[in-house]
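S.K.: Questions regarding the structure given below will be posed in turn.
The values are calculated or read from the model by the stated rules, or taken from the named source; none is laboratory data. Note that the coordinates shown come from a computational prediction; the quantities given were computed from them, not determined experimentally. Ideal geometry is used to build each Cβ from the backbone, glycine not excepted, and the neighbour counts take in all protein chains shown. Areas reflect the complete protein model, heavy atoms only, side chains present, ligands, DNA and RNA absent. Shrake-Rupley method; radii C 1.70, N 1.55, O 1.52, S 1.80 Å.
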Amino acid sequence: MKIKMRERVLSSNDAWARENKAFLTERNIRMLNLIGSPGAGKTCLLEKTIDLLGERIALGIIEGDLATAKDADRIRKKGVPVYQINTGSGCHLNARSVHKAMRELCTDTPINLIVVENVGNLVCPAEFDLGEDAKVAVLSVTEGDDKVEKYPLLFTKVSVLLITKMALLRHTNFNLTTVRKAFRKLNRMAPLFSMDSLSGRGFSPWMEYLNAAVQREDSK
Amino acid sequence: MHELSVVDGILRVVEIQKRKHRFSRVKLIEIICGKYNCLSEDNLQFCFDAATESSSLKGARLKIVRRGEDYRCAACNAEFGAESESLPTCPACRSTDVIPRMDYAVYVRSLEVE
Ligand SMILES: Nc1nc2c(ncn2[C@@H]2O[C@H](COP(=O)(O)OP(=O)(O)O)[C@@H](O)[C@H]2O)c(=O)[nH]1
Ligand SMILES: [Mg+2]
Ligand SMILES: [Zn+2]
């Protein structure tokens, strides 16, 4: 006998993602899901972002790694509320563990923006919605300019693409135009910002993007 | 290993269907997903086999069907499906301003049972 149906496979993650979305909407909080390879510079990007934050943004960060609280420690040193999730063997964060994290994060501090640093991985995190407002891809110039074409799922889904480690550009054969073209084939709308997190060069458009994201929420 | 999360989801779906239809064995599970979903049949089967080693689902085969993407043309509003790797042009008006529908969800499409 053949039983025909159309049942969603990740319905439990999707249900938690909807729960998260409702939680955030109720509290006027925006959430971004930061995705990139291990070592792409996600934590460095967050550290520099914290340095440049205006007073409009009250930031909270959720860190996802297989093991250790090293990234959370780096963020905490900057004085920003942070919650570390260790996934053990999990290659991605799921909406349920993020729910617990965001509840913890929001208990004693007023927050209007949560950034989730997902587990370093260009593949799996793209498949699991966390209830975020937008996905942000982080790609460093040392990873090669073919990664957008090689890992299309993530790049079709993101709302922003950040190219990091621009200070190292001249030591590589990374071609920004190649990346831009490949990205546009997959994604018509999302802006691409190139920047360097150690010097802070190129950060203005990104900071403007964050301010606009939070403001949009305020005016609701 | 996101295959484990997917296998877990598949097992939930099968469990619910089993309560409804009372079958004893599953021969084939057909999964449908978008062209960009990062699922490989081999990896999924491997994880599925490991997860069902000592259950009544042992030996069931998984098959992944990839659907083409659906698009809407921003210029003329035509809706169409396409298999191409990059954004296609609208078959009605040739505009390149097309918007993918982006249904990335993974579904179970059918179960062959006895
Ligand atoms: N020159 C330069 N180095 C960077 C930049 N971002 C990250 N790095 C280096 O890359 C390494 C990994 O960065 P990290 O933020 O920990 O990567 P993550 O795994 O994506 O969080 C760090 O040791 C940094 O020194 C950047 O924008 N410019
Ligand atoms: Mg990190
Ligand atoms: Zn058209």
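S.K.: Looking at chain A, which Cys residues are left with no other cysteine's beta carbon under 4.7 Å from theirs?
M.R.: If one checks each Cβ against the other cysteines of chain A, A:CYS44, A:CYS106 turn up with nothing under 4.7 Å.
S.K.: Give me the net charge of B:ASP70's neighbourhood, meaning all other residues with Cβ under 14 Å from the Cβ of B:ASP70; Lys, Arg count +1, Asp, Glu -1.
M.R.: Values: positive: B:LYS35, B:ARG66, B:ARG67, B:ARG72, B:ARG101; negative: B:GLU69, B:GLU79, B:GLU83, B:ASP103.
Net charge around B:ASP70: +1.
S.K.: So what is Rg over Rh here for the stretch A:50-150, counting just Cα atoms and using Kirkwood for Rh? Let's see the in-between values first.
M.R.: On the way: Rg = 14.2 Å, Rh = 14.7 Å.
So for the stretch A:50-150, dividing Rg by the Kirkwood Rh gives 0.97.
S.K.: If a cysteine in chain B has no other Cys Cβ under 4.7 Å from its own Cβ, put it on the list, ordered by number.
M.R.: So, B:CYS33, B:CYS38, B:CYS47.
S.K.: A further question on this structure: Name the residues of the stretch A:1-49 whose accessible area falls by at least 30 Å² when all protein chains are present instead of the chain alone, probe 1.4 Å?
M.R.: When all protein chains are present, A:MET1, A:LYS2, A:ILE3, A:MET5, A:ARG6, A:GLU7, A:ARG8, A:VAL9, A:LEU10, A:SER12 each give up 30 Å² or more of accessible surface.
S.K.: What three numbers, in Å, describe the spread of the alpha carbons of the stretch A:76-126 along their principal axes, ordered from the longest?
M.R.: Principal extents (largest minus smallest coordinate, Cα): 32, 23, 19 Å.
S.K.: If the only charges are +1 at each Lys and Arg Cβ and -1 at each Asp and Glu Cβ, what is the size of the charge dipole of the stretch A:4-46 around the Cα centre, to the nearest 20 debye? Don't skip to the end; give the middle numbers.
M.R.: Working: 8 positive and 4 negative charges, 28 e Å.
About 140 debye.
S.K.: Considering only DSSP states other than H, G, I, E and B, which trypsin sites (Lys or Arg not before Pro) in the stretch A:1-97 qualify as loop sites with at most 16 other Cβ atoms within 10 Å?
M.R.: On the way: sites: A:LYS2, A:LYS4, A:ARG6, A:ARG8, A:ARG18, A:LYS21, A:ARG27, A:ARG30, A:LYS42, A:LYS48, A:ARG56, A:LYS70, A:ARG74, A:ARG76, A:LYS77, A:LYS78, A:ARG96; in loops: A:ARG27, A:ARG56, A:LYS78.
Listed in order of number, the matching sites are A:ARG27, A:ARG56, A:LYS78.
S.K.: Now a separate question. Can you classify the stretch A:9-104 as rounded, prolate or oblate using the Cα gyration tensor, where a ≥ b ≥ c are the square roots of its eigenvalues, rounded means a/c under 1.5, and otherwise it's prolate if a/b beats b/c and oblate if not? Each step should come with its number before you reach the end.
M.R.: Details: a/c = 1.98, a/b = 1.21, b/c = 1.64.
It is oblate, given that a/c is not under 1.5 and a/b is not larger than b/c.
S.K.: If you take all C-alpha pairs in the stretch B:57-114, what percent of them are over 15 Å apart?
M.R.: Beyond 15 Å sits 57 percent of the P(r) for the stretch B:57-114.
S.K.: Which whole number gives the average count of other chain Cβ atoms within 10 Å of the Cβ atoms across peptide B:2-12?
M.R.: Values: counts 12, 2, 3, 11, 4, 1, 4, 8, 3, 1, 6.
Other-chain Cβ atoms within 10 Å of each residue's Cβ, averaged: 5.
S.K.: Would you calculate, for the protein assembly as shown, the mean residue ellipticity at 222 nm contributed by helices, counting each DSSP H stretch of 4 or more residues as -39,500 (n - 2.57) and dividing by all residues, to the nearest 500? Mind dumping the intermediate values first?
M.R.: Numbers: 10 runs with 113 residues, N = 334.
Helix-only estimate at 222 nm: -10500 deg cm²/dmol.
S.K.: Ignoring ligands, DNA and RNA and using a 1.4 Å probe, state the total buried accessible area between A and B in Å², rounded to the nearest 100.
M.R.: On the way: alone 11410 and 7260 Å², together 15950 Å².
Summing both chains' loss of accessible area gives about 2700 Å².
S.K.: Separate question: How much of the accessible area of the protein assembly as shown, probe 1.4 Å, is carbon plus sulfur, in whole percent? Don't skip to the answer; put the middle values down first.
M.R.: Working: 7880 of 15950 Å².
The value for the protein assembly as shown is 49 percent carbon and sulfur by accessible area.
S.K.: Let me check against my output: what whole-number percent is the relative contact order of the stretch A:1-99, with C-alpha pairs under 8 Å and at least 6 apart? Working shown, then result.
M.R.: On the way: 81 pairs, mean separation 28.1, N = 99.
Averaging sequence separation for qualifying contacts and normalising by length gives 28 percent for the stretch A:1-99.
S.K.: List the trypsin sites (Lys or Arg not before Pro) within the stretch B:1-30 that DSSP assigns to loop and that have no more than 11 neighbouring Cβ atoms inside 10 Å.
M.R.: On the way: sites: B:ARG12, B:LYS18, B:ARG19, B:LYS20, B:ARG22, B:ARG25, B:LYS27; in loops: B:ARG22, B:ARG25.
Here the sparse-neighbourhood loop sites are B:ARG22.
S.K.: Another question, if that's okay. Taking the Cα centre of the protein assembly as shown as origin and charging only Cβ (+1 Lys, Arg; -1 Asp, Glu), how large is the dipole, in debye to the nearest 20? Don't jump to the answer; show the numbers that get you there.
M.R.: Working: 50 positive and 43 negative charges, 133 e Å.
Here the size comes out at about 640 debye.
S.K.: Applying a 10 Å radius around every beta-carbon, put B:29-37, A:102-110 in order of their mean neighbour count, most first. Intermediate results must be reported in sequence, preceding the final value.
M.R.: Working: B:29-37: 19.9, A:102-110: 13.7.
Order by mean packing, descending: B:29-37, A:102-110.
S.K.: In the protein assembly as shown, if the dipole is taken from +1 on Lys/Arg beta carbons and -1 on Asp/Glu beta carbons about the Cα centre, which of A:PRO38, B:ASN77, A:LEU53 is farthest to the positive end?
M.R.: B:ASN77
S.K.: Does the stretch A:115-220 classify as rounded, prolate or oblate by the C-alpha gyration tensor (a ≥ b ≥ c root eigenvalues; a/c under 1.5 gives rounded; else a/b over b/c gives prolate, otherwise oblate)? Don't jump to the answer; show the numbers that get you there.
M.R.: Values: a/c = 1.74, a/b = 1.25, b/c = 1.39.
Here the stretch A:115-220 falls in the oblate category.
S.K.: How shielded is A:90-96 by partner chains, expressed as the average number of their Cβ atoms within 10 Å of its Cβ atoms?
M.R.: Details: counts 4, 5, 3, 0, 2, 0, 0.
Per-residue shielding by partner chains comes out at 2.
S.K.: Before I look further, what does the protein assembly as shown give for accessible area per residue, probe 1.4 Å, in whole square angstrom? Show your work: numbers first, answer last.
M.R.: Values: 15950 Å² over 334 residues.
Heavy-atom SASA per residue in the protein assembly as shown reads 48 Å².
S.K.: Please express the shape of chain A as an equivalent ellipsoid: the semi-axes are the square roots of 5 times the eigenvalues of the C-alpha gyration tensor, given largest first in whole angstrom.
M.R.: Numbers: eigenvalues 133, 110, 57 Å².
Over the Cα atoms of chain A, the semi-axes work out to 26, 23, 17 Å.
S.K.: OK, next. Check each of the trypsin sites (Lys or Arg not before Pro) in the stretch A:128-197 and keep only those in coil by DSSP with at most 16 other C-beta atoms within 10 angstrom; list them in order.
M.R.: Values: sites: A:LYS135, A:LYS147, A:LYS150, A:LYS157, A:LYS165, A:ARG170, A:ARG180, A:LYS181, A:ARG184, A:LYS185, A:ARG188; in loops: A:LYS165, A:ARG188.
Listed in order of number, the matching sites are A:ARG188.
S.K.: Let me ask something additional. List the extent of the Cα atoms of chain B along each of their three principal axes, largest first, rounded to whole Å.
M.R.: So the three principal-axis extents are 55, 29, 17 Å.
S.K.: Which whole number gives the average count of other chain Cβ atoms within 10 Å of the Cβ atoms across peptide B:26-35?
M.R.: Values: counts 1, 2, 1, 0, 3, 1, 2, 2, 2, 3.
Shielding by partners across B:26-35 averages 2.
S.K.: How high is the relative contact order of chain A, given as a whole-number percent (alpha carbon pairs under 8 Å, six or more residues apart)? Intermediate results must be reported in sequence, preceding the final value.
M.R.: Numbers: 399 pairs, mean separation 55.5, N = 220.
Rounded, it is 25 percent for chain A.
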